[in-house]
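Participant: Structure in structure tokens, see below.
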Amino acid sequence: MIALLDNTVLSNFSTVARPDLVHLILGDTAAIVQEVQHELAAGFCLGKYPVCDWSWLPILSLDEATQPLYQQLRQRLDAGEAACLALATIYHYRVFTDDRDGRKIAMQMGIPVSGTLGLLVLTADKGMLSLAEADE
């Protein structure tokens, strides 16, 4: 199952310069949407978090099937979360976001959702990091 990552999760792993952990945990199932790519690039340009190499992530685009739901979700969410949830709904993907509204709506829509903490728990469970390292 494809795991769509939003900017809140990517920025957290960028802040600690560990995009490799996301790749180790999710492997080839991880992807982003164009809207998240733009949000991430803007954050790098504004110096909100350090630049990290996320070029290994495939970039998905909205299509005719997802556009109506995306437009509806944009009334309540930013572009990245709305695009992730629209694609996840139509194509049965899971979403990783730390955005409270995005998580709430994802749960209401029955979309599997987790975030940075969920990914860190997986790193500890899989022995990639100790609990102390994950907590740090």
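The values are calculated or read from the model by the stated rules, or taken from the named source; none is laboratory data. The structure displayed is predicted, hence computed values, not measured ones. A quick note on method: Cβ atoms are made from the backbone with ideal geometry, for glycine too, and the neighbour counts reach across all protein chains shown. For accessibility, only protein heavy atoms count, side chains too; no ligands or nucleic acids. Shrake-Rupley method; radii C 1.70, N 1.55, O 1.52, S 1.80 Å.
Participant: Which of the residues that make up region 16-54 are modelled with pLDDT of 95 or more and of a type in the set (S, T, Y)?
Facilitator: T29
Participant: Would you confirm, using the coordinates I've provided, whether A79 is out of contact with any His (no Cβ under 8 Å at 6 or more places or on another chain) and either buried (at least 18 other Cβ atoms within 10 Å of the Cβ) or under 23 Å from P19 (Cβ atoms) (or both)?
Facilitator: no
Residues are listed down the side, and each one gets a yes or a no for (1) closer than 20 Å to M1 by Cβ; (2) touching a Phe, Trp or Tyr at 6+ places or on another chain (Cβ under 9 Å); (3) surrounded by 12 or more Cβ atoms within 10 Å (Cβ to Cβ); (4) in contact (Cβ under 8 Å) with a residue 24 or more places away in the chain:
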| residue | (1), (2), (3), (4) |
| --- | --- |
| L87 | yes, yes, yes, yes |
| G102 | yes, no, yes, yes |
| G110 | yes, no, no, no |
| T116 | yes, yes, yes, yes |
| L119 | yes, yes, yes, yes |
| A124 | no, no, yes, no |
| E136 | no, no, no, no |
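Participant: Scan (1) more than 14 Å from the chain's Cα centre (by Cα); (2) over 29 Å from E133 (Cα atoms); (3) open to solvent by 70 Å² or more (accessible area, probe 1.4 Å) for the single condition D63 breaks and write down its number.
Facilitator: Among (1) more than 14 Å from the chain's Cα centre (by Cα); (2) over 29 Å from E133 (Cα atoms); (3) open to solvent by 70 Å² or more (accessible area, probe 1.4 Å), the lone unmet condition for D63 is (3).
Participant: Give me the pairs: first residue in region 15-26 and closer than 11 Å to V51 by Cα, second residue part of a helix (DSSP H, G or I) and acidic (D, E), beta-carbon distance under 8 Å, and six or more apart or on different chains, which are they?
Facilitator: Close Cβ pairs (under 8 Å, with a partner that is part of a helix (DSSP H, G or I) and acidic (D, E)) do not exist here.
Participant: Right, here's the next one. Which of the following residues is within 21 Å of I25 (Cα to Cα), without any contact (Cβ under 8 Å) to a residue 40 or more places away in the chain and surrounded by 13 or more Cβ atoms within 10 Å (Cβ to Cβ): L73, L40?
Facilitator: L40
Participant: Being within 20 Å of D125 (Cα to Cα) and open to solvent by less than 10 Å² (accessible area, probe 1.4 Å) is the filter here; which residues of region 6-25 pass it?
Facilitator: V9, F13, L21, V22
Participant: With of a type in the set (V, I, T), within 14 Å of the chain's Cα centre (by Cα) and modelled with pLDDT of 95 or more as the only criterion, which of T97, T89 stands out?
Facilitator: Of T97, T89, the one residue that is of a type in the set (V, I, T), within 14 Å of the chain's Cα centre (by Cα) and modelled with pLDDT of 95 or more is T97.
Participant: Here is a further query. Among the residues that make up region 19-33, is at least one of them part of a loop (DSSP other than H, G, I, E, B) and farther than 14 Å from F96 by Cα?
Facilitator: For region 19-33, residues part of a loop (DSSP other than H, G, I, E, B) and farther than 14 Å from F96 by Cα: absent.
Participant: Taking region 34-48 as the region of interest, how many residues are assigned to a helix (DSSP H, G or I) and either within 11 Å of the chain's Cα centre (by Cα) or over 10 Å from S11 (Cβ atoms) (or both)?
Facilitator: 9
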